[in-house]
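Here is the structure we will look at.
The values are calculated or read from the model by the stated rules, or taken from the named source; none is laboratory data. None of the values given here were measured: they were computed from a predicted structure. Every residue, glycine as well, gets a Cβ built from its backbone with ideal geometry; the counts of neighbours run over all protein chains shown.
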């Protein structure tokens, strides 16, 4: 009884301390969770994400110190996820479109400043103004390529002009993962009503950093872990990575819960009899709604994502040495298992 009371007190304490509980629940909903997660679950995910962000800041500070700099750059952030080529490609795509929106906004502001001159008669002057606006629109719509510091091109001052049909392996992996997630989202939204789809669209806008820069800096530990003052690009990259962490944790937890439900069905469950269930009939009432992800599923998902590679454990086989693995950044979920999410959410 005392354990239950202590657990309830801890849940209430976590609920008061939680900052991004609502946003995490929205991210989980977009990632495949159809139920309403408990406060304990969202608080646990928030703690994991905060731990991951602080670890990223520590690693970036060490990289900046090696470069002889006191500020963190975007290259330091990309170095942390350089082994995940699909995530690197998605991050570059995100930064490219951010630059496109910024350039388009600046061109619109300049066009608005030159507004009174546009209405003046002048024949050739009007054509020249129209051509200038068209060139500005093309320049705004063009995506600038985000170079990586470990690429061969960064070693040379002269760059090869990019081609329109150029597409590397990283973009192919990104497109595969993106199309798979879009396919899963299409399966979930095709039977939604208008109100449900509006709620879905609102949940897709959930973010740790959008219009919450000051609160995110305090929550992440800027000024405590690192003295560097982050710029807007660093905050946007951290917002992108935190959403990816929540999405990966949710997808892995859904796989854990799906395997647990299959095991309970095979053995008859914990509190159910081991008699064979009869098949559902045509006029049988619908089954109870699926239970949401619990803290145990999040713990198991995080344990799986922290599991070291077999390559790093091979040299310790048949030895008495214990491997002390550091905290691993939550990487991209396995691409071949993304299709399982669609089947899980429909159960």
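Summary table below
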| item | result |
| --- | --- |
| Any hit, the range 65-73, residues being modelled with pLDDT under 90, surrounded by fewer than 18 Cβ atoms within 10 Å (Cβ to Cβ) and not assigned by TED's automatic domain parsing to the domain that holds residue 258 | no |
| Meets criteria (crowded, with 19+ Cβ neighbours inside 10 Å, at pLDDT 90 or above and part of a helix (DSSP H, G or I)) for residue 243 | yes |
| Members of the range 58-82 found to be assigned to a helix (DSSP H, G or I), touching a residue at least 40 places away in the same chain (Cβ under 8 Å) and more than 24 Å from residue 99 (Cβ to Cβ), listed by number | 58, 61 |
| Looking only at the range 206-230, and only at residues there that are outside any helix (DSSP H, G or I) and without any contact (Cβ under 8 Å) to a residue 40 or more places away in the chain, the one that is surrounded by the fewest Cβ atoms within 10 Å (Cβ to Cβ) | 211 |
| In the range 186-204, the residues that are touching a residue at least 24 places away in the same chain (Cβ under 8 Å) and under 18 Å from the mean Cα position of the chain (by Cα) | 200, 202, 203, 204 |
| Some residue of the range 261-276 being closer than 22 Å to residue 327 by Cα and either surrounded by 13 or more Cβ atoms within 10 Å (Cβ to Cβ) or modelled with pLDDT under 90 (or both) | no |
| Selection within the range 15-54 - more than 20 Å from residue 237 (Cβ to Cβ), out of contact with any helix residue (DSSP H, G or I) (no Cβ under 6 Å at 6 or more places or on another chain) and assigned to a helix (DSSP H, G or I) | 16, 17, 22, 47 |
